[in-house]
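J.: Quick one: this structure, given as structure tokens, is what I'll be asking you about.
The values are calculated or read from the model by the stated rules, or taken from the named source; none is laboratory data. Note that this is a predicted model, so its numbers are computed, not measured. Positions of Cβ are generated from backbone atoms using ideal geometry, with glycine treated the same way; all protein chains shown enter the neighbour counts.
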Amino acid sequence: MSKEALFSKKNRRLISDPLNDNNPITVQVLGICSALAITVQLKPAIVMALSVLVVLSLANVIISLLRNLIPSRIRIIVQLIVISALVILVDEVLEAYVYDVSKELSVFVGLIITNCIIMGRLEAFGMANGPWKSFLDGLGNAFGYGWILIVVAFFRELLGSGTVYGYPIIEKLGIYNYGYENNGMMILPPMALITVGIIIWIQRIKNTKLIESK
Amino acid sequence: MDVNKNTYTIFFATIMVIIIATILSVTSLRLEPLQDINIALEKKQNILKSIGVEVNRDGAEKAYSIYIKEEFVLNHLGKRKEGVSALDVKLAKEVKRKINNQSLPVYIGDINEEKKYIIPLRGKGLWGPIWGFIALNDDLNTIFGSSFNHKKETPGLGAEINRDFFSNQFKNKLIYENKLVRFEVKKNGKGGSYEVDGISGGTITSNGVTDMIQERLEKYLPYFDRIRSSNEVESVLLQMDSILIENEIILN
């Protein structure tokens with residue numbers, strides 16, 4: 001078996017695929033619950049995207065290294081334990097060294113553990129592929145998840161609270177003076193689903209191969 | 001090696017659990033002192049915030065020693081308990097105790113030579129605990145300032161209680177009416193003297209804030225009565241002094 005280059009075409013696809021053609025949220029429809037809960041503001045969405053990036057890529061590597069040792073009957077439990085141990089470790093370290101970030105994470109710690117994207121990738125990819133590929137796959141899916149999260153959060157924060165990353169942009173531009181009001185519905189959970197729906201719609205207009213044949 | 005045999009499965013599970021448990025407990029023990037320092041500093045930051053002093057965590061220690069003149073612990077009758085520091089009282093444990101065993105911490109701040117009574121609060125939000133500090137003017141009824149925080153309320157909704165727009169509303173509101181806590185966080189609060197507006201989408205957290213203010217501040221009534229009566233005695237004595245002086249002036 002010839003050794004594959006680190007960034008061969010196949011490996012690059014591991015990162016680029018989840019951004020569009022195989023996006024975890026808009027195509028696989030995974031991780032919707034967390035996308036809904038934390039996209040009211042941009043800042044938590046970014047923190048969540050970064051945490052998922054760390055946890056997903058590390059967990060994928062660990063599971064991939066252990067893949068030949070894990071008894072198949074308890075593999076889901078093993079995956080869960082690896083994920084939750086990583087999440088708790090990350091949280092403890094943050095709480096000790098960067099306390100503010102850890103407070104920002106607060107409720108999401110639990111959400112990372114239950115994020116189906118992570119379990120889905122471990123089960124579908126980490127269990128069957130080598131560590132390097134698993135690492136790339138983890139990165140790719142975390143990016144795919146992250147960009148959707150950030151886009152949704154951007155629009156929900158802008159239209160719902162009139163701010164971007166906490167900066168009161170609408171107020172500074174003086175748009176309120178023309179009778180504009182924030183749309184309170186944007187900060188309620190259903191609007192996250194509708195926003196994701198709109199992204200899926202746009203994505204399918206651009207990317208016709210995603211449309212199922214009748 | 002057959003990884004699907006029962007014995008192997010049990011062996012694998014045991015080893016894995018032991019390794020992970022060890023890693024987690026070692027990190028937790030190692031990092032605990034660092035985390036405790038952060039938590040203690042944050043507490044001081046929050047106390048200072050309730051009297052309008054905003055400092056970053058590094059400056060908290062110094063500012064605390066400047067602005068907080070006194071800290072002590074009361075029992076349920078409003079008498080001071082000796083030998084307990086207010087900062088060491090864990091309110092999470094105290095609120096679960098019976099009232100006559102509780103320690104009630106008080107911090108006395110000093111802003112422009114005026115005494116501010118800072119009362120710590122603790123209660124329940126939607127997902128977990130919420131807490132805060134409320135500072136009263138020396139009439140023991142008007143709110144001077146407040147600060148709130150939470151463990152895991154929903155970001156953008158209940159979690160907004162730690163934002164300034166929420167705590168700023170509390171300024172100059174009144175707490176007690178006829179020895180009862182009347183103050184509340186109201187849905188669509190219209191700005192009466194005893195209410196502030198709650199957070200849309202965060203009703204349960206807002207109600208939690210009301211509950212904790214009502215539950216906690218009620219406990220301090222005996223102490224406040226005590227201060228009020230001693231203040232009255234003081235002002236009567238002062239009046240008597242001035243009468244004596246006037247008499248002397250007349251006599252002379």
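J.: If a residue has to be touching a Ser or Thr at 6+ places or on another chain (Cβ under 6 Å) and within 19 Å of B:Ser50 (Cα to Cα) to count, how many in the range B:174-214 make the cut?
T.: Step one: list which residues in the range B:174-214 are touching a Ser or Thr at 6+ places or on another chain (Cβ under 6 Å), which gives B:174, B:184-185, B:198-199.
Subsequent filtering for residues that are within 19 Å of B:Ser50 (Cα to Cα) retains B:174, B:184-185, B:198.
Count: 4.
J.: For the range B:96-133, how many residues meet the condition of being in contact with a Gly (Cβ under 8 Å, 6 or more places away or on another chain) and among the β-branched types (Val, Ile, Thr)?
T.: 3
Condition check ((1) in a loop (DSSP other than H, G, I, E, B); (2) in contact with a His (Cβ under 6 Å, 6 or more places away or on another chain); (3) at pLDDT 90 or above; (4) within 17 Å of B:Ala135 (Cβ to Cβ)) across all residues:
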position: B:Asn188; (1), (2), (3), (4): yes, no, no, no
position: B:Gly191; (1), (2), (3), (4): yes, no, no, no
position: B:Ile199; (1), (2), (3), (4): yes, no, no, no
position: B:Met212; (1), (2), (3), (4): no, no, yes, yes
position: B:Glu215; (1), (2), (3), (4): no, no, yes, no
position: B:Phe224; (1), (2), (3), (4): no, no, no, yes
position: B:Asn231; (1), (2), (3), (4): no, no, no, no
position: B:Val236; (1), (2), (3), (4): no, no, no, no
position: B:Ile245; (1), (2), (3), (4): no, no, no, no
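J.: Considering A:Asn115, A:Asn207, which residue is loosely packed, with under 15 Cβ neighbours inside 10 Å and away from every other protein chain (no Cβ under 14 Å)?
T.: Of A:Asn115, A:Asn207, the one residue that is loosely packed, with under 15 Cβ neighbours inside 10 Å and away from every other protein chain (no Cβ under 14 Å) is A:Asn207.
J.: Here are A:Val55, A:Val40, A:Val61, A:Val29: which of them is away from chain B (no Cβ under 14 Å), in a loop (DSSP other than H, G, I, E, B), over 11 Å from A:Gly144 (Cβ atoms) and not hydroxyl-bearing (Ser, Thr, Tyr)? Steps first, please.
T.: Working: A:Val55 fails: in a loop (DSSP other than H, G, I, E, B); A:Val40 fails: away from chain B (no Cβ under 14 Å); A:Val61 fails: in a loop (DSSP other than H, G, I, E, B).
Of the residues listed, the single one that is away from chain B (no Cβ under 14 Å), in a loop (DSSP other than H, G, I, E, B), over 11 Å from A:Gly144 (Cβ atoms) and not hydroxyl-bearing (Ser, Thr, Tyr) is A:Val29.
J.: Would you check if there is a residue in the range A:89-109 being more than 9 Å from chain B (Cβ to nearest Cβ) and over 25 Å from B:Asp36 (Cα atoms)? Full working, then the answer.
T.: If we filter the range A:89-109 for residues that are more than 9 Å from chain B (Cβ to nearest Cβ), which is where we start, we get A:90-91, A:94, A:98, A:101, A:105.
From what's left, over 25 Å from B:Asp36 (Cα atoms): none.
No, there is no match, as no residue in the range A:89-109 is more than 9 Å from chain B (Cβ to nearest Cβ) and over 25 Å from B:Asp36 (Cα atoms).
J.: Looking at A:Leu65, A:Leu69, which is the one that is in contact with a Pro (Cβ under 8 Å, 6 or more places away or on another chain), surrounded by fewer than 23 Cβ atoms within 10 Å (Cβ to Cβ) and hydrophobic (A, V, I, L, M, F, W, C)? It would help to see each step written out before you state the result.
T.: Numbers: A:Leu69 fails: in contact with a Pro (Cβ under 8 Å, 6 or more places away or on another chain).
The conditions single out A:Leu65.
J.: For the range B:147-181, give me each residue that is more than 10 Å from chain A (Cβ to nearest Cβ), surrounded by 15 or more Cβ atoms within 10 Å (Cβ to Cβ), assigned to a loop (DSSP other than H, G, I, E, B) and not aromatic (Phe, Trp, Tyr).
T.: The answer is B:Gln169, B:Lys173, B:Ile175.
J.: Can you give me the number of residues within the range B:112-160 that are small (Gly, Ala, Ser) and touching an Asp or Glu at 6+ places or on another chain (Cβ under 7 Å)? Spell out the reasoning first.
T.: Start the filter on the range B:112-160 by keeping residues that are small (Gly, Ala, Ser), which leaves B:123, B:125, B:128, B:132, B:135, B:145-147, B:156, B:158-159.
After this cut, where a residue has to be touching an Asp or Glu at 6+ places or on another chain (Cβ under 7 Å) as well, the list is B:123, B:125, B:159.
The qualifying residues number 3.
J.: Got a sec? Which of A:Ile112, A:Ile200, A:Ile194 is over 27 Å from A:Arg12 (Cβ atoms) and either in a helix (DSSP H, G or I) or in contact with a His (Cβ under 8 Å, 6 or more places away or on another chain) (or both)? Spell out how you get there, then give the answer.
T.: On the way: A:Ile112 fails: over 27 Å from A:Arg12 (Cβ atoms); A:Ile200 fails: over 27 Å from A:Arg12 (Cβ atoms).
The conditions single out A:Ile194.
J.: Could you check B:Leu121 against (1) at positive phi; (2) modelled with pLDDT of 90 or more and say which number it fails?
T.: Going through the list (1) at positive phi; (2) modelled with pLDDT of 90 or more, B:Leu121 breaks only (1).
J.: Under the condition of being of a type in the set (A, V, I, L, M) and within 7 Å of chain B (Cβ to nearest Cβ), which residue from the range A:71-88 is nearest to B:Ile23 (Cα to Cα)? Before the answer, list the steps.
T.: Quick first cut of the range A:71-88, residues of a type in the set (A, V, I, L, M) only: A:74, A:76-78, A:80-83, A:85-88.
Right, trim to within 7 Å of chain B (Cβ to nearest Cβ) and you get A:74, A:78, A:81, A:85, A:88.
Values: A:Ile74: 21, A:Val78: 16, A:Ile81: 12, A:Ala85: 9, A:Ile88: 11 Å.
Per the stated criteria, the residue is A:Ala85.
J.: Can you run down the residue pairs with Cβ atoms below 7 Å, 6 or more apart or on separate chains, where the first is in the range B:51-64 and under 19 Å from A:Glu95 (Cβ atoms) and the partner is assigned to a helix (DSSP H, G or I)?
T.: B:Arg57/B:Leu41; B:Arg57/B:Glu42; B:Arg57/B:Gln45; B:Ala60/B:Leu41; B:Ala60/B:Lys44; B:Ala60/B:Gln45; B:Ala60/B:Leu48
J.: Please list, ordered by residue number, the helices (runs of 4 or more DSSP H) wholly in the range B:1-119 having 2 or more residues that are within 14 Å of another protein chain (Cβ to nearest Cβ), farther than 30 Å from A:Leu69 by Cβ and in contact with a helix residue (DSSP H, G or I) (Cβ under 8 Å, 6 or more places away or on another chain). Quick ask: steps written out before the conclusion?
T.: Working: elements: B:6-50, B:60-67, B:91-94.
The helices (runs of 4 or more DSSP H) meeting that bar are B:6-50.
J.: If you scan the range A:121-150, which residues turn out to be surrounded by fewer than 17 Cβ atoms within 10 Å (Cβ to Cβ) and over 15 Å from A:Ser51 (Cβ atoms)? Give the steps one after another, and end with the answer.
T.: Here is the first cut: in the range A:121-150, the residues surrounded by fewer than 17 Cβ atoms within 10 Å (Cβ to Cβ) are A:123-124, A:128, A:130-132, A:150.
Within the range A:121-150, A:Glu123, A:Ala124, A:Ala128, A:Gly130, A:Pro131, A:Trp132 qualify.
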